[in-house]
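A.B. asks: Sharing a structure with you now.
The values are calculated or read from the model by the stated rules, or taken from the named source; none is laboratory data. Keep in mind that what you see is a predicted model, and the values were worked out from it rather than measured. Glycine gets a Cβ as well: all are built from the backbone with ideal geometry, and neighbour counts include every protein chain shown. Surface accessibility is based on the protein's heavy atoms, side chains included, excluding ligands, DNA and RNA. Shrake-Rupley method; radii C 1.70, N 1.55, O 1.52, S 1.80 Å.
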Amino acid sequence: MLFTQTFGVSTAHISVAGVIVCLILFTLQRFLTLRLRRTGRERKASIAISKEKDKVKTDLPYLLQFPPSRRHVLATLPGFEKVDVQAITPEMLKSQALPTVTTPDFDKDGFYTPTGFSTQDIKALGRFPDYAALSGVRDPNPVPETWDITKAKFRPYRPFRWGYHQHMALMKYDPDWWVELTSSYHTTMATRRALLAQHGSKIFFQNPCASHASRELMEMVLSFLCNRYPQHFSLSSDQTLFHNHLLCTTTHLLQTDPLQVLFDNVPEDYAIMMRNETDGLYYLRAAIVCSSVGWYASQHRDAPLKSIHTHVPDYESKMAFSMDRWFSKLSTESPVSRCSWGLEDWEAFHTSPDPDRSVSGDTMEWTRSAFKGREDEVTVKDIKLRCDAQTLRRMPVSGAVVFNFKAIFWDLEELREEKYVPRLLAKVLKEGKRELMEYKCEEHVRQVAVRACEQWAEEQVEKGWVSREWEVGTLEESPFFPGWEGKWRGEQGF
Ligand SMILES: *[C@@H]1O[C@H](CO)[C@@H](O)[C@H](O)[C@H]1NC(C)=O
């Protein structure tokens, strides 16, 4: 009982933890598919190799495992035509790694990031290099001219999955949607400012080793904003001033901490994971996380992936290996997105664990429901669908891995008019794995939601929208639903 009240069950944990769980499932699935594709002979050969590997397996299997490098792209950039782009060997990357465990010295030549860029390269690239070329991910298209931020809405994520493809949790990353601005921009920014004033380094921290990664992230995000929303953001021609025409602010980029620049302008959360050169694993080194429910980002400061997920059942025994491997290889040009969800009886954006009710060192009690003690009063009108939309990408130069995510809320009642969605959600809530449903919502919320969804599903059958014979399964349009785009555009008038 106590455990269910600790930070382990929060929705926002699902935001980071859920990412991981689904990445793991994804990895396992891919792994299995690849295995099946292999011919018998190849399989025998691979078994022989893996036996060999087992023999030489050390305690640090990732020490010489580096992500794919795109340093060769340098030769295509102006001023770098003559650069020697020979691949750097893993041994060299290891022995000459820019440290994360001690403070790195970017003025010393001959040190390398995990993606093979040297300290000289970093200096020569300067500020705002061509990140589309370096990363292999194109710049976003500008929003349509008729797009109006005062009417803009998040796309209606309904990431419910059922059936065979349940594990396919990852969505195709669309370079137009790395950061999504809506009419909630001003209120979200104000909420974030208030949270920072209240919680400070609990929700915003960075280690010295992350300074280069933070600057790279900031430059990539500002470039994105200027390309995607040119009417709202611009950079001075020397790229030292960033103008935010929504907040009517100008930021001096040479005088402002890069993560602060992000915090002040972008309504998204960020977590930066960096490779530890002494074990090859990824550790949380910098974070701005406002949308956490029942936990603080700083609880995971400097933690490796593995210990961020101690509460995930079977993580250590079954998942840690695949996950670490997936991280170690994630390429710069293949970011991923996903979306996790939960149901709440209020708009739970941020809830801190209450230190006064601390049970022991790191187990803090918190209240998930807004109806504690009177759960039977909850009606469908109180229930919100919370989605945590996330992307995960490797930055090209620093090689750091960045999560960005945001919490989005909808009234559950919006689902009533969305074809197929109520029936699908009812199925998931009723028949989904119990432990998982407990993460996603409290029991009193689940019961109210199931009743409502079943009623709406029946209405849809009666209206002829959905056949009674429909065998419930993940929708082809997932994470959206049939007809979503027309409805969504209609509401915004473009
Ligand atoms: C880096 O990895 C080593 C070996 O696992 C570990 O002892 C050390 O604490 C890690 N360093 C940091 C700063 O997390």
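A.B. asks: Report in % the part of the accessible area of the range 396-482 that belongs to carbon and sulfur, leaving out ligands and nucleic acids; probe 1.4 Å.
C.D. replies: In the range 396-482, the share of accessible area belonging to carbon and sulfur is 44 percent.
A.B. asks: Where in the range 88-191 are there GluC sites (Glu not before Pro) that are in a DSSP coil and have at most 15 other Cβ atoms within 10 angstrom of their Cβ?
C.D. replies: GLU145
A.B. asks: Here's another thing I want to ask about it. Would you work out the relative contact order for the range 97-173, in percent, from Cα pairs under 8 angstrom that are 6 or more residues apart?
C.D. replies: Reported relative contact order: 13 percent.
A.B. asks: Here's something else I'd like to know. For a Förster distance of 22 Å, can you work out the FRET efficiency between the beta-carbons of ARG138 and LYS329, rounded to the nearest 0.05?
C.D. replies: It comes to 0.50.
A.B. asks: Over the range 236-285, what is the relative contact order in whole percent, taking alpha-carbon pairs under 8 Å and six or more residues apart?
C.D. replies: The value is 20 percent.
A.B. asks: Considering only protein heavy atoms, with the full assembly of protein chains and a 1.4 angstrom probe, order ARG127, ARG368 by accessible area, largest first.
C.D. replies: ARG127, ARG368
A.B. asks: Assign one of three labels to the range 356-494, namely rounded, prolate or oblate, based on the Cα gyration tensor with a ≥ b ≥ c the square roots of its eigenvalues; rounded applies when a/c is under 1.5, prolate when it is not and a/b is larger than b/c, and oblate otherwise.
C.D. replies: Oblate, because a/c is 1.5 or more while a/b does not exceed b/c.
A.B. asks: Moving on to the next point. Compute the distance in nm between two label points, each set 7 Å from the Cα along the Cα-to-Cβ direction, one at THR187 and one at ASP107.
C.D. replies: 4.9
A.B. asks: So with the 1.4 Å probe, I'd like the accessible area per residue for the range 407-482, rounded to whole Å².
C.D. replies: 51
A.B. asks: What translational D, rounded to a whole number of µm²/s, comes out for the range 195-332 from Stokes-Einstein when the hydrodynamic radius is the Kirkwood one over Cα pairs, at 20 °C and 1.002 mPa s?
C.D. replies: Once the numbers are plugged in, D ends up at 129 µm²/s.
A.B. asks: Which pairs break 26 Å Cα to Cα here: LYS82/LYS172; LYS427/LYS487; LYS384/LYS430; LYS82/LYS108; LYS123/LYS306; LYS306/LYS329?
C.D. replies: Over 26 Å apart, Cα to Cα: LYS82/LYS172; LYS123/LYS306.
A.B. asks: When only Cα pairs under 8 Å and 6 or more residues apart are kept, what is the percent relative contact order across the range 111-256?
C.D. replies: 23
A.B. asks: If you count, for each residue, the other Cβ atoms within 10 Å and average over each peptide, how do 335-347, 456-468 line up from highest to lowest?
C.D. replies: 335-347, 456-468
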